[in-house]
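For reference, the structure discussed in these notes is given below.
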Protein chains: 2
Amino acid sequence: MALSHVTSGQPISLAPPAATLASVPTSALFKTDQLEVIRVVLPAGKAFPPHQVAGDITVQCLSGAIEFTIGEAHDERSVVLSAGELLYLDGGVRHGLRGQTDAVVLVSIVLRPHV
Amino acid sequence: MALSHVTSGQPISLAPPAATLASVPTSALFKTDQLEVIRVVLPAGKAFPPHQVAGDITVQCLSGAIEFTIGEAHDERSVVLSAGELLYLDGGVRHGLRGQTDAVVLVSIVLRPHV
């Protein structure tokens, strides 16, 4: 467990700590050997360029809406993910995010096995 | 991927499909080789007795509030998890859930490695 201010079994508020999205940074909420959970703050129009990670991920939209692009550049598709929706993505799949409105997104990444 | 009606990259609404909690069953939203995500419906007073799983888990309260108990019977502690809060729990730790109000909870379980 890499972040010392949150421990196993301790509730974490998912709401950003301030009212103004622009002033709230994206932050890892916690990271264990197996799993990392990151709260991504995406003001409208801001994008994370396409990338990929080895493990399976889930992306949950907490507020606002994002455009989520999936696949290689020559064969890319996009879906809109709105507040209260979640998707999972198989590991190794290229993906990118863009705020369609001001948005907050919870990203969970499987890192390693449990044994 | 065990559930055929949801695929990688497909948005899933986290809201229960019906207005009345009592009529909505707990259901696995999806399961991959690495990760299982379950939406647990917990009417007030209903409990899942203490149990444990091998992998790390996260528990996110989507609505209502639950009492979440952690640890062995002789050394049990409990925390209240309310809507908009999440906790993680190290794999192998005994835990139980009880609806403090009518509640909906998202449970994610790390199953296996990504390699």
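Summary of computed values
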| quantity | calculated |
| --- | --- |
| Any pair with Cβ under 7 angstrom, 6 or more apart, that starts in the stretch B:71-97 at a residue that is farther than 13 Å from A:Gln10 by Cα and ends at one that is assigned to a strand (DSSP E or B) and acidic (Asp, Glu) | none |
| Filter result for the condition that a residue is in a strand (DSSP E or B) and farther than 17 Å from A:Phe48 by Cβ, over A:Leu97, A:Leu86, A:Leu62 | A:Leu86 |
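One line per residue, one yes/no per condition, for (1) at positive phi; (2) more than 7 Å from every other protein chain (Cβ to nearest Cβ); (3) modelled with pLDDT of 90 or more; (4) crowded, with 20+ Cβ neighbours inside 10 Å:
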{"residue": "A:Ala73", "(1), (2), (3), (4)": "no, yes, yes, no"}
{"residue": "A:Ser82", "(1), (2), (3), (4)": "no, yes, yes, no"}
{"residue": "A:Leu86", "(1), (2), (3), (4)": "no, no, yes, yes"}
{"residue": "A:Asp90", "(1), (2), (3), (4)": "no, no, yes, no"}
{"residue": "A:Gly96", "(1), (2), (3), (4)": "no, yes, yes, no"}
{"residue": "A:Gly99", "(1), (2), (3), (4)": "no, yes, yes, yes"}
{"residue": "A:Val105", "(1), (2), (3), (4)": "no, yes, yes, yes"}
{"residue": "A:Pro113", "(1), (2), (3), (4)": "no, no, no, no"}
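The values are calculated or read from the model by the stated rules, or taken from the named source; none is laboratory data. Source: prediction; values computed, not measured. Glycine also receives a Cβ, built like all others from the backbone with ideal geometry; neighbour counts cover every protein chain displayed.
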